[in-house]
Amino acid sequence: MRWCVSVGAVLVAGAMVGGDIAGIAAPSQKSRFVDTSHNVPSVNVELVIAVDISYSMDMDELATQREGYAQAIVSKDFLQALRAGPRGKVAVTYFEWSMSGDERIIIPWRVIDSPESADAVAAEIMKAPVRRGSSTSISSAINFAVQLFQENPYRGLRRVIDISGDGPNNDGAPVVGARDAAVAKGIIINGLPIMVKEPSYSTIDIENLDFYYEDCVIGGPGAFIMTIKDREKFQEAIRTKLVLEVAGLTPERRIAPASDKEPRVPCLIGERKWQERRGR
């Protein structure tokens, strides 16, 4: 089952009680990733943050996105979610991506288990230079994230990919195959479709990017998207999304249905638009 959450539909406030935050319920499923070995450090969740830096993202968006993740990690809500988990810590890695093969790790795997470790990760995120890539390969970003899990020295109760983007896949392999392969490994993929600008032919944007993410990108138990349509809500959305992921929470009620049948937006729309543009 997949879910769509718009900013403002979820208010992350108050204390956690019995796994709930402001009407958001924790899933009951146990993960296959629990490692009982005393030699392997255990965490609440292994979280890969995959951040779009393709050319369609302007420099202001890139800076706001970077700042949003840094502020989210040191926020009161994030730290509260962290402490409420059974292990009291999370393993996080943060990388930026654009075209196939252009994936750059900004934060290698780090454990966040205190305000001090959160501050250190946030400072390192902000220290890295902001850059822009070229085309958009969501499939390669997902495949890269899966590889990062294999290299992670920590073991979590869940494995989650948090992937942002302002356009469809238009480079590399089709996105559905990458998504399905990741989900088959028990990985959850959540999406942050960025829709703050009107679609532009020059950047191969599409309408209904939120539908595209729901039907073609996200997957796994309780997977959800959080759509950003207002630039002013950027940082709030990132914070809320990270809190949900760290706490292992999903919306208690369906906000908007995600199709489990025929995609509402063709999953190859980005590749098609790219070919049309090259043919002219």
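FYI, it's all coordinate maths here, none of it is from the lab. Not measured: the values here are computed from a predicted model. Virtual Cβ from ideal backbone geometry, glycine too; neighbours counted across all protein chains shown.
Put simply, the amide H of Ile106, placed in the peptide plane, has neighbours under 5 Å in Tyr94, Phe95, Glu96, leaving out anything fewer than 5 places away on its chain.
In plain terms, the residue of Lys89, Lys127, Lys185 with the fewest other Cβ atoms within 10 Å comes first and the most crowded comes last, giving Lys127, Lys185, Lys89. The largest-to-smallest principal axis extents of the Cα set in the range 54-206 are 46, 35, 22 Å. Excluding Ile138 itself, calculate the net charge of residues whose Cβ lies under 10 Å from the Cβ of Ile138, where each Lys or Arg counts +1 and each Asp or Glu counts -1. After counting each charged neighbour, the total is -1.
Hey, fewest Cβ within 10 Å first, where do Trp97, Trp274 land in order?
If I rank by nearby Cβ atoms, fewest first, I get Trp274, Trp97.
Taking other C-beta atoms within 10 angstrom as a stand-in for reagent exposure, Leu192, Leu242, Leu79 fall in the order Leu79, Leu192, Leu242, fewest first.
For the range 55-117, dividing the convex hull volume of the Cα atoms by the residue count gives 101 Å³ per residue.
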